[in-house]
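K.L.:
Have a look at this one before I ask anything.
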Amino acid sequence: MAERNETDKKYGVLFVCLGNICRSPAAEEIFRTRLRRQGVEELVEVDSAGTYGGHAGDLPDERMRSEAGKRGYKLTHRARRLTEDDFRKFDMVIVMDDSNYERASRIAPDIESLNKLYRMTDFKSVSRWDHVPDPYYEGIEGFRLVIDLLEECIDGLTCKLEEDNILPRHA
Ligand code: 4NP
């Protein structure tokens, strides 16, 4: 793949869950923090959305804000619904579970868009989870598990983007 230069459009990564108030806004901020720590935040546009629009305009769930805050992630995203246009704008659309995958596939406008769909756990390394479980009806340990999984998968996603020369390799 060709080297990127300053005139290139930013690479776009969109995280998607159901409500866009628990998993995907946490993924967005964990990834952004990771990029910032590596000094490459300006290379990637990061955002999140939900397949369900019922929480549109809301801040992330208070439980997720609290648990993420304990690990240094400040969640300020406002929920919004996934749109057809997102598939044109972003290079990767990364969902949390099979239900998100199916709903997002129905919003995708064409085959090219379907090729942009990934599961977050495609990037896992050690855990056995094949999805990031919905914590909404769970206790606080469900939120901690989500953050653990997201941190692991975002390590893997960052490595993939380095291998693909989207990001420079970090030390
Ligand atoms: P999320 O969690 O998809 O990780 O944002 C949920 C948020 C809201 C609902 C379900 C899951 N809900 O049913 O309203």
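The values are calculated or read from the model by the stated rules, or taken from the named source; none is laboratory data. Because the structure is a prediction, the values reported are computed rather than measured. Note that we place each Cβ from the backbone using ideal geometry, even for glycine, and neighbour counts take in every protein chain shown. Please note that ligands, DNA and RNA were not included when accessible areas were found on the heavy atoms of the full protein model with its side chains. Shrake-Rupley method; radii C 1.70, N 1.55, O 1.52, S 1.80 Å.
K.L.:
So what is Rg over Rh here for region 22-161, counting just Cα atoms and using Kirkwood for Rh? Don't jump to the answer; show the numbers that get you there.
P.N.:
On the way: Rg = 14.3 Å, Rh = 15.3 Å.
Taking Rh as the inverse mean 1/r over Cα pairs, Rg/Rh reads 0.93.
K.L.:
Moving on to the next point. I'd like to compare 147-156, 130-139: which one has the highest average count of other Cβ atoms within 10 Å, and what's the full order after that? Numbers along the way, then the final one.
P.N.:
Values: 147-156: 19.4, 130-139: 15.8.
Result, highest mean Cβ count within 10 Å first: 147-156, 130-139.
K.L.:
Another one. For region 123-142, list residues with backbone N below 14 Å from a point placed 7 Å from the Cα of Ser99 toward its Cβ?
P.N.:
What the label zone holds, given the 14 Å backbone N cut-off, is 131-138.
K.L.:
Computed on alpha carbon atoms, what radius of gyration and Dmax characterise region 125-171, expressed in Å?
P.N.:
Radius of gyration, then largest Cα-Cα span, for region 125-171: 13.5, 40 Å.
K.L.:
What's the FRET efficiency of Arg36 with Cys159 using the Cβ-Cβ distance as r and R₀ = 30 Å, to the nearest 0.05?
P.N.:
On the way: r = 17 Å, r/R0 = 0.57.
Working from the Cβ atoms, E equals 0.95.
K.L.:
While we're here: Given region 49-116 reduced to its alpha-carbon atoms as identical point scatterers, what log10 I(q)/I(0) does the Debye formula return at q = 0.18, 0.19, 0.21 Å⁻¹?
P.N.:
Normalising to I(0) and taking log10 leaves -0.76, -0.82, -0.92.
K.L.:
Could you tell me which of rounded, prolate or oblate describes region 82-131, using a ≥ b ≥ c as the square roots of the eigenvalues of the alpha-carbon gyration tensor, with rounded for a/c under 1.5 and, failing that, prolate when a/b is larger than b/c and oblate otherwise? Write down the numbers at each step before the final one.
P.N.:
Details: a/c = 2.85, a/b = 1.97, b/c = 1.45.
Judged from the Cα gyration tensor, region 82-131 comes out prolate (a/c at least 1.5, a/b above b/c).
K.L.:
Oh, and also: Compute the normalised compactness of region 6-85: alpha-carbon radius of gyration over 2.2 N^0.38 Å, N being the residue count. Don't skip to the end; give the middle numbers.
P.N.:
Details: Rg = 12.9 Å, N = 80, 2.2 N^0.38 = 11.6 Å.
So the Cα radius of gyration is 1.11 times the expected 2.2 N^0.38 Å.
K.L.:
While we're here: Of the candidates Asn115, Asn100, Asn20, which one comes out as most mobile in a Gaussian network treatment of the chain with C-alpha springs shorter than 10 Å?
P.N.:
Asn115
K.L.:
So, for the chain, what is the accessible surface per residue at a probe of 1.4 Å, expressed in square angstrom? Intermediate results must be reported in sequence, preceding the final value.
P.N.:
Working: 8820 Å² over 171 residues.
Value returned for the chain: 52 Å² of accessible area per residue.
K.L.:
Ignoring ligands, DNA and RNA, please state the percent of accessible area on region 11-92 from carbon and sulfur, probe 1.4 Å.
P.N.:
46
K.L.:
Under a crude label model (7 Å from the Cα following the beta-carbon direction), how far is Arg88 from Arg169 in nanometres?
P.N.:
3.8
K.L.:
Could I have the simple spin-label model distance between Lys74 and Arg106, label points 7 Å from Cα toward Cβ, reported in nm to one decimal?
P.N.:
Simple spin-label model gives 3.8 nm for this pair.
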